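**Q** Can you keep this structure in mind? I'll have questions shortly.
The values are calculated or read from the model by the stated rules, or taken from the named source; none is laboratory data. Quantities reported herein were computed from a predicted structural model and do not represent experimental measurements. Methodologically, a virtual Cβ is constructed for each residue, glycine included, from the backbone with ideal geometry; neighbour enumeration extends over all protein chains shown.
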Amino acid sequence: NDKLFVEGGHIGYSIRPSQRRKGLAKLQLELGLTEARKQGLERVLITCDEDNEASRCTILSAGGVYENTIDRSQRYWIELDGEVS
């Protein structure tokens, strides 16, 4: 829907504060990308708040390409190669 297209995208993840900096966001995103490939998606939209440096780094490490910022929500696209591991 329109709200998710602006603020959420295809994949969302959250890590509770006591479990941050352990690689769990990267793992959650990798699992989400695997599922997106299984669903036949060719690319996915992922967003993060513009002040969330950790999430931005996670998205970029997965190949995210910045598109724009809407209402403090940065939007990134990740191209999927179609291979399901």
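**Q** From Arg75, Arg43, Arg56, which residue is touching a Leu at 6+ places or on another chain (Cβ under 9 Å) and crowded, with 16+ Cβ neighbours inside 10 Å?
**A** Checking each option against the conditions leaves just Arg75.
**Q** Being at pLDDT 95 or above and surrounded by 14 or more Cβ atoms within 10 Å (Cβ to Cβ) is true for just one of Gly8, Gly12, Gly64. Which residue is that?
**A** Gly64
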